[in-house]
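The values are calculated or read from the model by the stated rules, or taken from the named source; none is laboratory data. What you see is a predicted model; the values in this text were computed from it and never measured. FYI the Cβ positions are ideal-geometry reconstructions off the backbone, even for glycines, and counts take in every protein chain you see. Areas reflect the complete protein model, heavy atoms only, side chains present, ligands, DNA and RNA absent. Shrake-Rupley method; radii C 1.70, N 1.55, O 1.52, S 1.80 Å.
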Amino acid sequence: MAEIPKTRMSVSADEAARLRAFTRNAEWMNGRIAGARVAQPKDAEALAGLLSDPSIGPKIYTVPSVINAATMSAFIEDHLMQRARGEGILFVSFNTDGAATAYFDVELWPEWGAVKFGGAVRASRQGRGFGGACGLAAVEWCFDQLGVARICETTALDNDRSIRLLSRLGFEQLGQVTAYRPDGTPRASLYWELERSRWTEGRAVRRAG
Ligand SMILES: CC(C)(COP(=O)(O)OP(=O)(O)OC[C@H]1O[C@@H](n2cnc3c(N)ncnc32)[C@H](O)[C@@H]1OP(=O)(O)O)[C@@H](O)C(=O)NCCC(=O)NCCS
């Protein structure tokens, strides 16, 4: 049995159906990352351009080890099937030249009202707060639009930026898990969770601040 999500609180059948339907019908992220939309097969080259950077691919266990237009086309097709089942979605944002600037890979457990998102920002845009903005956009999409109860996350043990980003967003680090790459090899990972209640309380405090 997969180790994640660690917290498994069943939601009603109506709520699970609502989460699936929302995912099936989502086209745009409609948040602070302008133009982020569901990835389509035509985006394979652009996505390869983003993920093939050595500072990105190796840090993400869910992407194929070989990154090119062909593997990204299969990756996108697989996510369109996940979306059709209401169990996942792949968003990508672009700059005015059509280059991919960030991606968000969402995995949903409708039965537990839980979600996990992976992602990355273009190497040339890293280290200047854009990743932080993307992380915030992803959390807002999960809680304010999709409306799940909980977000879980995994990071490599040495991914300082991602660890700092999740900590700043209010995620709690809850031990370790073993994540498995598409080729079946294991990756030791830190495990994180953020409850919607904790998020909305924190936001109210920040806003009152
Ligand atoms: C992780 C990632 C999204 C962060 O985005 P970013 O634009 O680089 O980072 P930001 O500028 O928003 O900063 C995020 C945090 O990292 C810290 N950071 C930024 N550059 C850093 C560096 N060179 N070394 C260490 N920490 C750094 C920032 O200080 C910030 O932490 P703080 O809030 O405590 O100050 C981005 O680096 C990335 O896409 N990495 C490759 C893929 C990846 O690792 N994805 C996550 C997998 S779990």
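The table below lists the values:
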{"read-out": "Sum of -39500 (n - 2.57) over DSSP H runs of 4+, divided by residues of the chain (222 nm, nearest 500)", "value": "-10500 deg cm²/dmol"}
{"read-out": "Residue-normalised accessible area of the chain, expressed per residue, 1.4 Å probe, Å²", "value": "49 Å²"}
{"read-out": "Dipole of the stretch 1-110 [Lys/Arg +1, Asp/Glu -1 at C-beta], most positive-end residue of Phe91, Asn68, Ile4", "value": "Ile4"}
{"read-out": "J(HN,Hα) series, the stretch 38-47, from Karplus relation 6.51 cos²θ - 1.76 cosθ + 1.60, nearest Hz, glycine and proline x", "value": "4, 5, 10, x, 5, 8, 4, 5, 5, 5"}
{"read-out": "20 Å reach of a label modelled at Arg164, 7 Å along Cα-to-Cβ, counting backbone N of the stretch 128-142", "value": "128-139"}
{"read-out": "Diffusion constant of the stretch 138-197 at 4 °C, which comes from Stokes-Einstein with the Kirkwood Cα-pair radius and 1.567 mPa s, µm²/s", "value": "105 µm²/s"}
{"read-out": "In Å, descending, principal axis extents of the Cα set of the stretch 100-204", "value": "36, 32, 24"}
{"read-out": "Most mobile of Arg128, Arg196, Arg181 in a GNM of the chain (Cα contacts under 10 Å)", "value": "Arg128"}
{"read-out": "Positive-end residue, the stretch 36-147 charge dipole about Cα centroid, Cβ charges, pick of Val121, Phe143, Val38", "value": "Val121"}
{"read-out": "Inverse mean reciprocal Cα-Cα distance (Kirkwood Rh) of the chain, Å", "value": "17.3 Å"}
{"read-out": "Karplus 3J(HN,Hα) series, Hz, for the stretch 21-33 with 6.51 cos²θ - 1.76 cosθ + 1.60 (x for Gly, Pro)", "value": "5, 4, 5, 4, 9, 6, 10, 10, 6, 6, x, 6, 9"}
{"read-out": "Computed over the stretch 17-208: relative contact order in percent, which uses C-alpha pairs under 8 Å that are six or more apart", "value": "20 percent"}
{"read-out": "Accessible-area composition of the chain, carbon plus sulfur, in percent [1.4 Å probe]", "value": "52 percent"}
{"read-out": "Integer Hz, Karplus 6.51/-1.76/1.60 couplings in order for the stretch 120-129, x for Gly and Pro", "value": "7, 10, 3, 3, 5, 9, 7, x, 10, x"}
{"read-out": "Selected from Lys116, Lys42, Lys59 as most flexible by GNM, with the chain as the system and alpha-carbon contacts under 10 Å", "value": "Lys42"}
{"read-out": "Rounded to 5, the percent of DSSP beta bridges in the chain classed as antiparallel", "value": "90 percent"}
{"read-out": "Over the stretch 21-143: Rg over Rh, Cα atoms, Kirkwood Rh", "value": "0.93"}
{"read-out": "GNM flexibility winner over the chain from Asn68, Asn30, Asn95 (Cα, springs under 10 Å)", "value": "Asn95"}
{"read-out": "Gain on full stretching of the segment that runs from Asp53 to Ala99 - 0.36 nm per residue minus C-alpha separation", "value": "15.3 nm"}
{"read-out": "Amide H partners (placed H, <5 Å) of Gly119, local residues excluded", "value": "Asp105"}
{"read-out": "The chain - charge dipole about Cα centre, Lys and Arg +1 at Cβ, Asp and Glu -1, debye rounded to 20", "value": "540 debye"}
{"read-out": "Contour excess over end-to-end distance, with Cα ends at Ala123 and Arg37 and 0.36 nm allotted per residue", "value": "29.0 nm"}
